[in-house]
Structure formats: C-alpha cells, structure tokens
Amino acid sequence: MQIIETGFRGLFAIEPKVFKDHRGYFLESWNKNTFSEHGIKEDFVQDNESLSSAHVLRGMHFQMPPWEQGKLVRVIKGSVVDVVVDLRKAEPTYGQHFKYTLTEEKKNMLWIPPGFAHGFLTLEENTVFFYKCTKVYNKESEASIAWFDPDLGIDWGIKEPIVSEKDKVAPFLKDFISPF
C-alpha cells in the first residue's frame, strides 16, 4: 500500500496493492498498523455507501465539532472527481481545495481528516461510493459550503451537475465561521 502526501497536513492519497489473477482480485483497504505509521490512528465507527447516477454532485459536506468526522473514501463501482476544502483556520492551506479522481479500476482512496469539507462528482452511471467514518452521523451538526463558491475556484468539469436542494443553497466560505 502506498500512502502519498498531498501538500495538505494529514490528507493522504492511498494506492492499495491489488492482487489480480484469473479469479478476480484482492486488496487490503485498511490496515491499522500501516495507517498508524503515517499518523492516521483513527478508529472507525460507521460505514456509509451511496449509489448515484452520472453527473451527481454531492457536497461540500462536513460535520461540526464535537461530531467532526475523518473519512476514508473510495469508489466500489464507477468513478468520481473527489474534492476537499480545508476548513482548518490555523493551516496555511485554509480555504484551498484538493481534487483527486477515484476509480473502480485503480481502487485508490483518500484519507480526509476532520476539518475538511468533502464532495464528489460522479463520472459514470451507477457509481457506488464508500466511506468509513471516525464518528457517527449527527444531523444537528451537519453543515456544508457551496460547491460552486467562486472564491474556491473548483473546476468540476461540468456546468450543471445534479445536486440536492440543500446543496443549491449552501453558504459561501466567506460567510462561514469555521470552528476548526
């Protein structure tokens, strides 16, 4: 397994070793010892999975303290453009975004520590997205920032994605007071 630094403290791209043969494939998607060697010492308490049509954009979501979540995300089927925005005020990368393509073929992953807003755009029909979370979902602490915020400058590669009503009215980063 290769764990790659991204330039954002604590945010890692992960490329698992995939063993393929005539029967299919095998990969290790989580190993507490390997991740711990890179400072990822989290315990996971909830797994989530979503199915989306092509061009669905989900984001930019996060949970406020004390329910902030770290997430280990990957694509089971299909592919996505995955984007995170650093909401940690003390970081030099505050307000900057990181974009990474996750695919079924590569089986690559992204470790997103608490303090990031997260979103993804599906590139294929019937995309299955999976994530492990370090804290359980808490509706009262859910929050979001606008995926289309011009100050973030995220190029999603599409003009009119399919989004939820909630994501259409999310606030801009400049109107958000970060607790991170």
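For the chain, dividing the convex hull volume of the Cα atoms by the residue count gives 120 Å³ per residue. Annotation: extensible slack from I76 through N138 equals 19.8 nm (criterion: 0.36 nm per residue apart, minus Cα-Cα distance). Note on H22, H118: ascending count of other Cβ atoms within 10 Å places them as H22, H118, the fewest first.
Peptides 66-75, 135-144 ranked from most to least packed by the mean count of surrounding Cβ atoms within 10 Å: 66-75, 135-144.
Pairs exceeding 24 Å between alpha-carbon atoms, taken from K132/K168; K17/K139; K135/K168; K20/K41; K107/K132: K132/K168; K17/K139; K135/K168; K20/K41. Legend: ranking of residues L27, L121, L110 from fewest to most surrounding C-beta atoms inside 10 Å; resulting order L27, L110, L121. A compact globular protein would have a Cα radius of gyration near 2.2 N^0.38 Å; the ratio found for the range 128-180 is 1.34. Here the relative contact order of the range 52-127, from alpha carbon pairs under 8 Å that lie six or more residues apart, stands at 51 percent.
The numbers here are math on the coordinates, done by the rules we state, and not lab data. Worth saying up front: this structure is predicted, and the values here are computed from it rather than measured. Don't worry about glycine lacking a Cβ; one is built from the backbone with ideal geometry, like all the others, and counts go over all protein chains shown.
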